[in-house]
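The values are calculated or read from the model by the stated rules, or taken from the named source; none is laboratory data. Quick caveat: nothing in here was measured; it's all calculated off a predicted structure. Every residue, glycine among them, receives a Cβ derived from its backbone with ideal geometry; neighbour counts consider all protein chains shown. Accessible surface areas use protein heavy atoms only, side chains included; no ligands, DNA or RNA. Shrake-Rupley method; radii C 1.70, N 1.55, O 1.52, S 1.80 Å.
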Amino acid sequence: MFSLLNNIKAVLFDFDDTLVNVHDAVNAATYMIATMFSNKFNLSIFPIIDALRGIHREMVQRGILNRNEWWYRLFSLYGINVDLDFMDLLTKKYWDIIIRYTYVDPETITILNYLRSCNYKLGIISNTDGHPGMKMRRIRNALPTELFSVIIIAGEDTMELKPSPEPFDLALKKLGLNGYESMYIGDDPNHDIAGAKAVNMITAILKSTPNNKDYGSLKPDIEIRSLRELLKLLRCYY
């Protein structure tokens, strides 16, 4: 494994649930949307929460990230005429909650600073949030962007979303590096492995819990339990 990392000059990351914890924020935002929908149309909240979770899984898998389209699906499920103004309000409240409750572990900032001090170039490759500028706003709100040599928002800076190789290739061009000179770390094999491998990046999956899943053709080169493990895997070049 260590031989794979001998030539690494850049370490690039996914954003959500890799550099920041957004799981709790999504749960809080889902509850908020369900509450607003329930109150407006006098419906039971718990089936709405279940419906929203199903919509989340489906839309992310299909690469439909504009939240207004999610709420359109919710209206359709309940056979309710679409209220565009209310949909816009739901989207605004959703992102307000996501931004407010996204959590950044202070240790993550320490690790990023350490990697920078070791002369690694750092980067972020993340899919758009479906609303132009929102993902960059969230990144700037959560992290010191001066740490990163490149930030690519797939679907805004590129035509294609991850797992297309296009955003990964663009990041390499901006850094002036070959794929084998870079490492990409994400939490989702379906979005974070194929595109990175297609441009010959070394790939790592961040797993917060043990997982014996057979990744098949999407198998990462490395599996880590925390970003702290990068400090042991990567040499420090002062």
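In the range 63-78, what residues are within 15 Å of the chain's Cα centre (by Cα) and either in a helix (DSSP H, G or I) or hydrophobic (A, V, I, L, M, F, W, C) (or both)? Once the filter is applied, which keeps residues that are within 15 Å of the chain's Cα centre (by Cα) and either in a helix (DSSP H, G or I) or hydrophobic (A, V, I, L, M, F, W, C) (or both), the range 63-78 yields Ile64, Leu65. When the test is whether a residue is surrounded by 15 or more Cβ atoms within 10 Å (Cβ to Cβ), over 23 Å from the mean Cα position of the chain (by Cα) and either farther than 21 Å from Thr102 by Cα or touching a residue at least 12 places away in the same chain (Cβ under 8 Å) (or both), Phe46 does not pass it.
No other residue among Asp129, Asp169 is within 26 Å of Ile97 (Cα to Cα) and either outside any strand (DSSP E or B) or not acidic (Asp, Glu) (or both) apart from Asp129.
Beta carbons closer than 7 Å, at least 6 apart along the sequence or on distinct chains, pair a first residue in the range 11-28 that is within 19 Å of Ala154 (Cβ to Cβ) with a second that is open to solvent by 40 Å² or more (accessible area, probe 1.4 Å) for Asp14/Asp187; Asp17/His23; Asp17/Asp187; Thr18/Asp187; Val20/Tyr103. The test for being open to solvent by 30 Å² or more (accessible area, probe 1.4 Å), modelled with pLDDT under 95 and in a helix (DSSP H, G or I) holds for Asn190. Within the range 27-43, the residues that satisfy the criterion of being of a type outside the set (A, V, I, L, M), surrounded by fewer than 17 Cβ atoms within 10 Å (Cβ to Cβ) and closer than 21 Å to Lys92 by Cβ are Asn27, Tyr31, Thr35, Ser38, Asn39, Lys40, Phe41.
Scan the range 90-142 for residues that are in contact (Cβ under 8 Å) with a residue 40 or more places away in the chain, exposed (fewer than 14 other Cβ atoms within 10 Å of the Cβ), more than 30 Å from Leu74 (Cα to Cα) and charged (D, E, K, R) and report the count. Matching residues across the range 90-142 total 1.
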